[in-house]
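Notes follow the structure.
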Amino acid sequence: MNPVDTLLIAFNGLKGRKFRFALNLVGILIGCAAITGLISITEGLQDSVTGQLNVFGPSNLIIMPGEIGSGMTMTGGSLNWRDLDIVSRVDYVKGVTPIIANKIAEYTINGRYFATDVYGVERAYKELNPNTELEEGRNFVQSDSAVVIVGANIAQPLDLDEPIVELGDRIKIAATVDDVEKELTLRVIGILKETGSSFGANLDDSIAIPLKTAQQLFETGNEFSYFLAQADSIDVVDEAAGGIEEKMGDRATVITAASAQEQVESILGTIQSVLGGIAGISLVVAGVGIINTMTVSVMERTKEIGTMKALGAKSLDVLMMFLTEAMLTGMIGGAIGAGFGYLLAGIIGSFIDLTTSSSIMLGFEVVVFAVATSIASGLYPAYRASNMNPVEALRHE
């Protein structure tokens, strides 16, 4: 029996048992959609984090107070001017600047209420982090006090077609410090280009004020949230990080782009494996369903198998016929499932504002996995059918 005949007989066999075929198809479809969707989301998340790390800068370092505990959380604490002096004296460190972050302020423009992150920085912040490019205006200078540089989404919220904040405008922000509400009027001197997230702040949705202004407004004294430092070059980042850790001891943790990427890949890899495993279970369940329905199909088609063998069909022909049915089930279910998974990932990504990563190779791998699962599941029923005695099969009631 040539391959074309085998394919046609298998196709007609599935066509004649549409309901069972549909049930197997749904099982394969759900598993493949889950795998494709979940992996697309986690890969998109990894791409997003990698993009943020690129904004951070490959030769930059973040010095956080305390140590990293379980769950990638910091043990707490703060940094001060003495710590800044220590870090600035470390070999291979070209520059370092203190940052006040994780502060929230509220403001109202054109009757609309907004809440945003506020971070206090010095002029050196932009010099050490060149990714913070200005669309308009200027950087801070030493004499600045009641001024502000706003992110791209502050100047023009995503749901508006026109900007609501322009150079020279004044914004009155309100912040609660120790249960006391404080207000401060700031003049806009700069608007950042669309940048994305960087360690410490989502720059597009944040506002920056001079460091001394932030110290006064939030009453932080001489304590800072973290330092941003820069190594002499990308080749000596590890040496600079090691020197800082040696000088600071357990009072601070140094994060580089490479170490952050490693941690992120480890965490996302674990998440991807767990989610992929959970989705894979549904394919195993679908495989059990294929074994069940194909076994019943063999029993129902016993006389048909006997007739085929009596007419000259070999055991290998019968085996290939049933395995082809399983292959078609996996191929069709896998292809539909992969497509539905892409769609599902896109919908979820739009809700959580995440660009998912959906590659053709992923879809191909999912289809191959579905076909392999289906063939493996149909192997026993197909083998059983191929070994039937034609005489006994024809006598079967």
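The table below lists the values:
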quantity: Cα-based Lys proximity count in the chain, under 28 Å, for pairs eight or more positions apart or on separate chains; calculated: 28
quantity: Positive-end residue, the stretch 60-232 charge dipole about Cα centroid, Cβ charges, pick of F140, Y92, A208; calculated: Y92
quantity: Sparse-neighbourhood loop sites, GluC sites (Glu not before Pro) in the stretch 186-267 - DSSP loop, at most 13 other Cβ within 10 angstrom; calculated: E194, E219
quantity: Largest to smallest principal axis extent of the C-alpha atoms in the stretch 60-232, angstrom; calculated: 48, 37, 37
quantity: Kyte-Doolittle at least -0.5, axis length at least 30 Å by Cα - qualifying DSSP helices, the chain; calculated: 18-56, 257-300, 315-351, 360-386
quantity: Approximate spin-label separation E304-T176, in nm, with each point projected 7 Å along Cα-to-Cβ; calculated: 7.2 nm
quantity: Cα lying deepest toward the dipole's positive end in the stretch 60-232, options V118, A152, L217, charges on Cβ; calculated: L217
quantity: Least to most buried among R20, R251, R82 (fewest other Cβ within 10 Å first); calculated: R82, R251, R20
quantity: Gain in span if fully extended, R251 to I347, counting 0.36 nm per residue against the direct Cα distance; calculated: 30.2 nm
quantity: In range of the label at E67: residues from the stretch 233-277 whose backbone nitrogen is under 14 Å from the point 7 Å along Cα→Cβ; calculated: 246, 248-254
quantity: Proxy reagent accessibility, fewest Cβ within 10 Å first, across F227, F351, F364, F369; calculated: F351, F364, F369, F227
quantity: Per-residue Cβ neighbour rank within 10 angstrom, fewest leading, D317, D178; calculated: D178, D317
quantity: Neighbourhood charge, 10 Å Cβ-Cβ cut-off, centred on E239 and excluding it, Lys, Arg +1 and Asp, Glu -1; calculated: -4
quantity: Length-normalised contact order of the chain in % [C-alpha pairs under 8 Å, at least 6 apart]; calculated: 29 percent
quantity: Inter-probe distance in nm under a simple model that places probes 7 Å from Cα toward Cβ, at D161 and M361; calculated: 4.2 nm
quantity: Options (i) 198; (ii) 157; (iii) 138 - which one matches volume of the Cα convex hull per residue in Å³ as calculated here; calculated: (i)
quantity: Cut-off 12 Å between beta-carbons: net charge of the residues surrounding N80, Lys and Arg +1, Asp and Glu -1; calculated: -1
quantity: Positive minus negative residues near K212 (Lys, Arg vs Asp, Glu; Cβ under 11 Å); calculated: -2
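A short reminder: the numbers here are calculations on the coordinates, not readings from a lab. Remember, it's a predicted structure, so these values are computed and weren't measured experimentally. Using ideal geometry, Cβ is built from the backbone for each residue, glycine included, and neighbour counts are taken over all protein chains shown.
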